[in-house]
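Scroll down for the structure; my scribbles are underneath it.
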Amino acid sequence: MAIDAYTKLLLHCNGVDASTTFTDSELTPKTVTAYGNAQIDTAQSKFGGASGLFDGTGDYLTVPDSDDWAFGTGDFTIDWWVRFVTTAGIQSFFSQETDTNNRYLLYFNNNTIYWSQLVAGAGGNNIAKAWTPSIDTWYHVALVKASGVYTFYIDGASIGSNTENTSIANLTGNLEICRDTDSGSHFFNGWLDEIRISKGIARWTANFTPPTRAYGIGSGGGFLFNYL
């Protein structure tokens, strides 16, 4: 699958072992900053010979606030590959907030994956789907919102959907990967690879075959595949 204008963040998590440089490979690249011991690791990867390693004790990435994270009531897709060191405790994947009353968090806890959103004055939603992953195993995970319906997919298979169309506001904080912005904790422990956020498109609306290669380069109205 090619990189296109819908792609707003794409981290292949490739590079030299122990590097703290995470490069955004979409069409308008953003600056990604690593904290703690977050680093590129060549010992594990799904694609490209490396992945992002996070040790669960202060490791995370930030990306500056952008209108690209203001999904409103439109379609969007967040997908990535994950390999757990442990499945214990609350482990965050993505979060952003303006303040404690305006935020969202995509996280895992107690064999359940969650999308949690809070909007001041408008309530929020808490979408929870059972998932029991094993450690030391790569999984493709996708959260897709299509016409107000949220669906979690694991390795291309739906694990459940919810209809919920509370608008996702234009929040002002950094996008954080592997940390809960609100608590400043709940760090992820394991590896992530091929992290992608897409705005304005539901990449999948039914069960699918997970990607077999890294995402490539889009060209014009068609697709010019140049896998990395």
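Once you charge only the Cβ atoms, +1 for Lys and Arg and -1 for Asp and Glu, what is the size of the charge dipole of the chain about its Cα centre, to the nearest 20 debye?
Once rounded to the nearest 20, the dipole reads 440 debye.
Which of the peptides 197-208, 53-64 is most tightly packed, and how do the rest follow, going by the mean number of other Cβ atoms within 10 Å of each residue?
Listed from highest to lowest mean packing, they are 53-64, 197-208.
With the Cα gyration tensor of segment 1-47 giving a ≥ b ≥ c as the square roots of its eigenvalues, does the rule (a/c under 1.5 for rounded; else a/b larger than b/c for prolate; else oblate) give rounded, prolate or oblate?
Oblate.
Any chance you could count the Lys pairs in the chain whose alpha carbons are under 20 Å apart, treating pairs 8 or more apart or on different chains as valid?
6
About its Cα centre, how strong a charge dipole does segment 147-212 have in debye, to the nearest 20, once Lys and Arg get +1 and Asp and Glu get -1 at the Cβ?
The dipole magnitude comes to about 200 debye.
If the label point is 7 Å along Cα→Cβ of Asn101, which residues in segment 172-192 have backbone nitrogen under 16 Å from it?
Counting only backbone N, you get 172.
Test of understanding: in a Gaussian network model of the chain with alpha carbons linked when under 10 Å, which of Asn102, Asn165, Asn110 would top the mean-square fluctuation ranking?
Of Asn102, Asn165, Asn110, the most mobile in the Gaussian network model is Asn110.
Using r as the Cβ-Cβ distance of Ser161 and Thr42, and R0 as 41 Å, what FRET efficiency do you calculate, to the nearest 0.05?
0.65
Defining a contact as two alpha carbons under 8 Å apart and six or more residues distant in sequence, what relative contact order in percent does the chain show?
Dividing the mean separation by the residue count of the chain yields 29 percent.
Taken together, the values in this text are just the output of simple stated rules run on the coordinates, not laboratory data. Bear in mind that the values here come from a model prediction, so they are computed numbers and not experimental data. We place every Cβ from the backbone using ideal geometry, glycine too, and count neighbours over all the protein chains shown.
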